[in-house]
Amino acid sequence: MKRCSIATIICAIISTVCCCDVVKLTFPSGFSLGAASAAYQIEGAWNVSDKGENVWDYYTHHYPEIISEGRNGDVACNSYYKYKEDVELIKSTGFDFYRFSVSWSRVLPTGFANVISEDGLQYYKNLTAELVANGIEPVVTIYHWDHPQVIEEMGGWTNELIVDWFVAYARVLFEALGGSVKRWVTINEPDSFCGEGYESTRLAPGKVITGIGKYLCGHNVLKAHAKTYRMYEEEFRDSQGGVIGIVLPLSGHLPYNSSYADAAETGFQFNCGWMAHPIYFGDYPEIMKTRVALVSESQGYPRSRLPEFSDEWKAIINGTSDYFGLNHYTSRFVYNDPDEELGIYNSDSGLISVVDSSWPMASSSWFYVYPEGFGYLLRKIRDEYGNPSTWIMENGYSDTDNLEDYERISYYYEYLKEMLIAVKRDGCNVEGYAVWSILDNFEWSDGYTNRFGIIRVEFDDADTNRTTKLSQAWWKKVLSKRKLQSVPTSTTSTNTRTRLPWQK
Ligand SMILES: *[C@@H]1O[C@H](CO)[C@@H](O)[C@H](O)[C@H]1NC(C)=O
Ligand SMILES: *[C@@H]1O[C@H](CO)[C@@H](O)[C@H](O)[C@H]1NC(C)=O
Ligand SMILES: *[C@@H]1O[C@H](CO)[C@@H](O)[C@H](O)[C@H]1NC(C)=O
Ligand SMILES: *[C@@H]1O[C@H](CO)[C@@H](O)[C@H](O)[C@H]1NC(C)=O
Ligand SMILES: *[C@@H]1O[C@H](CO)[C@@H](O)[C@H](O)[C@H]1NC(C)=O
């Protein structure tokens, strides 16, 4: 009796202090867990049947020196032929959904909707049917960076005509797959392919149009996204009943110290607000309009390099999101560039981004591990956009090929813990989460050197065999228990971080 009541008291104290539900690190009921991939990174079969050439086919074939080891996605994971095995792996791991993307030029060989490839479309019908038959929800990305080369030859995302070509392509997919697909992503990561594809050579098409290319691309991305959303709303929503959104690549932008709250806000608006503010509020963020105009003027441009929307376009774009989609990997501390006090503008945002020397690195050059940045970002999204239904469409860790991937497991554990705290303690409305990636795959200009899979692929052999990694076994347990599992220990694990004094 006495012992029992002491135990009860202790338990009550612990649960008050720790908030038991969060400590348990279980996923809320109804939370959706999935795995993600993208067409060019896994499919291979680049010239099968009547498939057209896309920008990544062209880029890797014409500029192999830009890609690590001169590699390309001609074969990649061979998923065009191995999709049944992929679905079996997704199923046996226990995922609820699979996010894959469609190759535009596989479905529309000429780039336009005048010719629809029956074989191309059949592949995606087969894949979707296989997923549904195995109880896995298909989530489809319409565009993941691989538009037809013929369209690039006319300027690609810098030509506004791409808007209508994109809408026509999307309509083909809604008609063919919309019976089974209830969650659509229009466009994946505009910040990445607009910034690195039209102002650097890191991504196709590799056109360096400094100061202009990224904003022009993003402007047309917003129009293409919004017109596709409106078309779905008008022609398909009643009969198909799905949801549709865009997916943004978001990093945590945290203040370098407490003097730099405004810098963190500016960093967020330049990264997230650039696309999300027009979609949620009808126009670019004020801070972007002001700053880009100011810096453009200082550079001698007659007008701001940030394009403007007409009132008609603002109305079309405003409100075109059924859920908030984001990919997240890493964070930065930001502070104001001191050069600006001397009237020198080094960047549109006026910020300097740094990392803390204690943050571990993944194998990708840009990738520093800072789990707290994830929770910070989710709370910011909650506050900025009215706590929308939020889907993490990619999160994962890169290494250089390791079956015993303890660091990857540790990354997932720590990032998911931050997410669960954001959801359960802070009320962030996160409803879905996808692992990037189900398989090792073609990591763009990093070729096959940086690997994100929870399943290894033997790229150097024609069989492209799959082998599960330790992280796949960990995920399998997490998915069956719907609860985070402890991280197995390794002798080589090095994840020790210090907190800066102002944190916490
Ligand atoms: C497709 O490309 C491969 C090289 O990746 C080549 O060997 C093959 O002949 C090509 N097939 C066709 C039909 O062009
Ligand atoms: C789709 O499935 C059918 C029936 O299993 C098969 O004959 C066909 O080759 C598949 N097509 C593709 C492109 O995977
Ligand atoms: C923040 O950092 C700046 C630059 O290092 C420094 O001048 C300032 O005093 C710091 N502020 C606080 C509150 O620590
Ligand atoms: C966007 O829509 C919201 C809600 O309907 C409205 O309050 C706001 O004024 C619109 N923004 C613009 C720029 O039209
Ligand atoms: C790939 O897997 C198949 C089927 O398990 C096997 O027969 C083949 O030998 C494997 N290839 C290699 C290179 O390991």
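At-a-glance table
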| read-out | value |
| --- | --- |
| Residue within the range 259-270 that is more than 20 Å from Val221 (Cα to Cα), in contact with a strand residue (DSSP E or B) (Cβ under 7 Å, 6 or more places away or on another chain), among the hydroxyl-bearing types (Ser, Thr, Tyr) and more than 16 Å from ligand 4 (Cβ to nearest atom) present | yes |
| Residues satisfying the stated conditions in the range 283-336, i.e. among the basic types (Lys, Arg), open to solvent by less than 50 Å² (accessible area, probe 1.4 Å) and over 26 Å from Arg382 (Cβ atoms) | Arg305 |
| Meets criteria (in contact with a strand residue (DSSP E or B) (Cβ under 6 Å, 6 or more places away or on another chain) and open to solvent by less than 20 Å² (accessible area, probe 1.4 Å)) for Tyr376 | no |
| Residue count for the range 367-404, restricted to those that are in a helix (DSSP H, G or I) and among the hydrophobic types (A, V, I, L, M, F, W, C) | 4 |
| Number of positions in the range 68-86 that are surrounded by fewer than 24 Cβ atoms within 10 Å (Cβ to Cβ) and either out of contact with any helix residue (DSSP H, G or I) (no Cβ under 9 Å at 6 or more places or on another chain) or part of a helix (DSSP H, G or I) (or both) | 10 |
| Qualifying position, being open to solvent by less than 10 Å² (accessible area, probe 1.4 Å), of a type outside the set (D, E, K, R), within 16 Å of ligand 3 (Cβ to nearest atom) and on the phi < 0 side of the Ramachandran plot, among Ala276, Ala263, Ala224 | Ala263 |
| Near pairs, Cβ below 8 angstrom, 6+ apart or cross-chain, from the range 83-107 (more than 21 Å from Leu121 (Cβ to Cβ)) to any residue that is open to solvent by 10 Å² or more (accessible area, probe 1.4 Å) and in a strand (DSSP E or B) | Glu85/Arg466; Leu89/Arg466; Leu89/Thr468; Asp96/Ser32; Asp96/Glu137; Phe97/Ser32; Phe97/Glu137; Phe97/Arg183 |
| Candidate set: the range 116-129, residues that are open to solvent by 60 Å² or more (accessible area, probe 1.4 Å) and either touching a Gly at 6+ places or on another chain (Cβ under 9 Å) or of a type in the set (D, E, K, R) (or both); chosen: the one farthest from ligand 5 (Cβ to nearest atom) | Glu118 |
| Residues of the range 423-461 that turn out to be within 16 Å of ligand 1 (Cβ to nearest atom) and open to solvent by 30 Å² or more (accessible area, probe 1.4 Å), as a count | 2 |
| Test: residue in the range 116-128 that is more than 16 Å from ligand 1 (Cβ to nearest atom), closer than 23 Å to Ile187 by Cα and part of a loop (DSSP other than H, G, I, E, B) | yes |
| When residues of the range 137-167 are limited to those that are free of Cβ contacts under 8 Å to residues at least 60 places away in the same chain and among the hydrophobic types (A, V, I, L, M, F, W, C), the one farthest from Thr186 (Cα to Cα) | Met154 |
| Every residue from the range 33-71 that is of a type outside the set (Val, Ile, Thr) and closer than 30 Å to Gly94 by Cβ | Leu33, Gly34, Ala35, Ala36, Ser37, Ala38, Ala39, Tyr40, Gln41, Glu43, Gly44, Ala45 |
| Residue within the range 454-465 that is among the β-branched types (Val, Ile, Thr), within 16 Å of ligand 5 (Cβ to nearest atom), assigned to a loop (DSSP other than H, G, I, E, B) and over 29 Å from Gly30 (Cα atoms) present | yes |
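The values are calculated or read from the model by the stated rules, or taken from the named source; none is laboratory data. These numbers were taken from a predicted model, which means no experiment stands behind them. Glycine also receives a Cβ, built like all others from the backbone with ideal geometry; neighbour counts cover every protein chain displayed. Accessible surface is based on the protein model in full, side chains and every heavy atom, while ligands, DNA and RNA are left aside. Shrake-Rupley method; radii C 1.70, N 1.55, O 1.52, S 1.80 Å.
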